[in-house]
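The values are calculated or read from the model by the stated rules, or taken from the named source; none is laboratory data. Not measured: the values here are computed from a predicted model. So basically every Cβ, Gly included, is an ideal-geometry build from the backbone, and we count neighbours across all protein chains shown. All accessible areas refer to the heavy atoms of the entire protein, side chains included, with ligands and DNA or RNA removed. Shrake-Rupley method; radii C 1.70, N 1.55, O 1.52, S 1.80 Å.
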Amino acid sequence: MAETNFKNMTVMVVGGGGREHAIIKKIKQSPLVGKIYALPGNGGMANDAECVAIGAKDIDKICEFAVANNIDFAIVAPDDPLVLGAVDKLEEKGIPCFGPRANAAIIEGSKVFSKDLMKKYGIPTAEYEVFNSAEAALEYVKNSDTFPIVIKADGLALGKGVIIAETKEDAIDAVNSIMCDKVFGKSGDNIVIEEFLTGPEVSVLSFTDGKTMVPMVSSMDHKRIGDNDTGLNTGGMGTVAPNPCYTEDVAKVCMEKIFLPTMNAMNSEGRTFCGCLYFGLMITPKGPKVIEYNCRFGDPETQVVLPLLESDLMEIMIAVSEKRLSDVEVKFADRAACCVIKASNGYPQSYKSGFEIKEDASVIGDAEIFYAGAKKDGEKTLSAGGRVLGVTATAPTLAEAVKKAYAASNGVTFENEYKRNDIGKRALGILESL
Ligand code: AMP
Ligand code: GLY
């Protein structure tokens, strides 16, 4: 492909959550970008992009829209359309894209694929077995004597396909529900049963074009609904960056043993990965290991990583799509960021929404609001989902960023809201102990 030399580009972002809002706000700062469409976006981001009511999985309509509206560049953010081949189809129509093709997105789309890839290329990960029948899986579980063990549905399952079974009974229940009751549908036709690892978790998003691998600033997610990591798993209740567990030494080991080997392995398989490759890592007593790969930016990691990016995101994304990532600068501020998610009380189970969201600019200050579950009702913005929005602040230190994010979060309010009150607490504790 020839080098793109656009100005005033018309850009389409596929997806509709806080991650997409963070991407949109960042590319809006680029002198290369003119108009931005979000498909479907959400009502809370209507000031930053024109939202178009086309679902992120409706690939045919997405392609039709792109052609009809002379889209210069497409950014496909969520896992589903990537795994379904949105980038392949858009590229067939001549539209340059940021995001992996389907044959590379499989690194997230199939846990069996990713585990087998790591085994074949010696990339550190938990020991595992693959099962394609419930009988064999149950037989294996019944003969196991080390618990907990981890049971994973092969395919995409809205981030819920991982069960940590504390006992043999839990493991039997998990196998039955995934493989017999099909709680995750066809995603549970095959399962991975793996060793339970321990250690702090780190998320590292990276830009890669298959030739160059540029890790972004590291981050830490907070997945449980309750303070001190209690209660049900969620899509993520807050994030901080950088992650203090990701020291320079750990970063070096990861680059050498995990990041570059993964890029090279995908090339060797004829599945060059071009886009944002997300490494979910655990820093175990035996060194860093891969817990999961995602074929995309993480949510809510993106909401702390991109606000720290000083370089032009649009320029980087174009360079990745043209396989000349090494030509561009990717620079992060030497600062810290904290994102506090505000959800509807009751999430991740049932909750009431439809309440007006009010912003007080004098309290929000220079913090950024990234909308996820929000819709427009005339001039008003209403809560319309489990995770409603994220409030991100950056500051010279993590302690200041956390304080600033919580203070700013009082400037965006709605009825029936819920947030965790300890985002960043663990990271600050680790920093103090260093
Ligand atoms: P995943 O959807 O693969 O990220 O898994 C969700 C969460 O389950 C991870 O963030 C970890 O906290 C946990 N997890 C997954 N695999 C393992 C494992 N092998 N050992 C311990 N915890 C795990
Ligand atoms: N925060 C984890 C994810 O995006 O899957």
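What the table shows:
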read-out	value
Long-range tail of P(r) for region 72-188 (Cα pairs > 25 Å, %)	35 percent
Percent of beta bridges antiparallel (DSSP, region 280-405, rounded to nearest 5)	90 percent
Region 145-223: C-alpha pair distances exceeding 21 Å, %	45 percent
For the chain: accessible area per residue (Å², 1.4 Å)	42 Å²
With every protein chain in place, the chain: carbon and sulfur % of accessible area (1.4 Å)	48 percent
Inverse of mean 1/r across different Cα pairs in region 207-252, Kirkwood, Å	12.6 Å
Total lysine pairs under 16 Å (Cα atoms) in region 104-233, excluding pairs fewer than 8 apart on one chain	14
For the chain, share of DSSP beta bridges that run antiparallel, in % to the nearest 5	80 percent
For region 198-336, alpha-carbon Rg over 2.2 N^0.38 Å	1.05
Highest to lowest packing among 51-64, 25-38, 205-218, scored as the average C-beta count within 10 Å	205-218, 25-38, 51-64
Kirkwood Rh and Cα Rg combined as Rg over Rh, evaluated for region 268-389	1.05
Residue 425 - accessible surface, heavy atoms, 1.4 Å probe, Å² rounded to 10	120 Å²
Cα-based radius of gyration of the chain once divided by 2.2 N^0.38 Å, which approximates compact folds	0.95
Enclosed volume per residue, in Å³, of the convex hull spanned by Cα atoms of region 320-434	169 Å³
Stretchable slack from residue 167 to residue 93, in nm (0.36 nm times residue separation minus alpha-carbon distance)	21.5 nm
Residue-averaged [θ]222 nm for the chain, counting only DSSP H segments that reach four residues, each worth -39500 (n - 2.57)	-8000 deg cm²/dmol
Residue-by-residue Karplus 3J(HN,Hα) for region 296-305, coefficients 6.51, -1.76, 1.60, Hz, glycine and proline x	6, 5, x, 10, x, 4, 4, 6, 10, 6
